[in-house]
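We did not get these values from a lab; they are worked out from the coordinates using the rules stated. Since we're looking at a predicted model, the values are computed, not measured. When we count neighbours, we look across all protein chains shown, and the Cβ atoms used for this are built from the backbone with ideal geometry, even at glycine.
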Amino acid sequence: MKSLFDSTPLHKFKGRTVSECLIIFTRYPEPGKTKTRLIPVLGAEGAASLQRQMTEQTIAKAKALQCERQISIAVYFSDGSQPLMENWLGTSVVYRRQSDGDLGTRIAVAFQTELEAGAQGVVIIGTDCPDLTIEILTQAFEALKEHDLVLGPAADGGYYLIGLRRLFPELFVEVSWGTSQVRQQTVEIAQSIDLAIAFLPLLNDIDRPEDLVGRSF
């Protein structure tokens, strides 16, 4: 799979080259275009506000981790523009627009881009999992040192985190993205190519109205 980026600098943190990269997938919080499944209960503005808040919380956790561990942070975004993203979240992280294609293609391209840039361990997360902690992120990077694949299972059957040391394109094809089968299908593919898998704690995503029950943001 060809990368969409012809040239990418080595990963840097405080002027030093680092070997680990945390990728955050997010969407610019434009009302009506984000968290659409929550619009019936929150309204377009409310859903966009929730997207904004969860993204900001995720960025804060990533930067807190960066204080403890030398990692680079890359924000892969859809909608909006790089100037809008920088005005929103600042300029201390790298921004890249998500590639075209389904979620699997976009994840695979992101992995390839950062691995080709020199990262030796890459972890990808979204912004839909408010229960994700710095400790779990640390656990993910540590597990990646001894495993081919790290997965953070989500209660809806997907995963809130995936980590790789090298790209295995098979993991991102013939997967029923957006369904409760995603994690199981991914595990079955990984087992079929003899990958060593590490699992993180089971957490909940915020995707549907029922996911909001008992939560305050």
Where is the GNM fluctuation largest for the chain (alpha-carbon springs, 10 angstrom cutoff): ILE23, ILE134, ILE193?
ILE193
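When the helices in the chain are scored as -39500 (n - 2.57) per DSSP H run of 4 or longer and the sum is shared across all residues, what 222 nm value do you end up with, to the nearest 500 deg cm²/dmol?
Details: 5 runs with 74 residues, N = 217.
After summing the helix terms and dividing by the residues of the chain, the value is -11000 deg cm²/dmol.
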Go through region 146-151 residue by residue and turn each phi into a ³J(HN,Hα) via Karplus (6.51, -1.76, 1.60, θ = phi - 60°); whole Hz please, and just put x for glycine and proline.
10, 10, 6, 9, 10, 10
Let me know the volume per residue of the alpha-carbon convex hull for the chain, in Å³.
118 Å³
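What does the extension gain come out to for ALA60 and SER176, with contour length at 0.36 nm per residue minus their alpha carbon separation? Write down the numbers at each step before the final one.
Working: separation 116, 0.36 × 116 = 41.76 nm, distance 3.12 nm.
Once the chain is fully extended between ALA60 and SER176, it gains 38.6 nm.
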Using amide H atoms built in the peptide plane, which far-off residues or other-chain residues are under 5 Å from TYR95 H to H?
VAL75
Which residue, LEU103, GLY90, VAL187, has the largest displacement toward the positive end of the dipole of region 12-209 when charges sit on each Cβ (Lys, Arg +1; Asp, Glu -1)?
GLY90
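Counting only C-alpha contacts under 8 Å and six or more residues apart, can you give the relative contact order of region 12-209 as a whole percent?
Numbers: 348 pairs, mean separation 46.1, N = 198.
Once normalised by length, the contact order is 23 percent.
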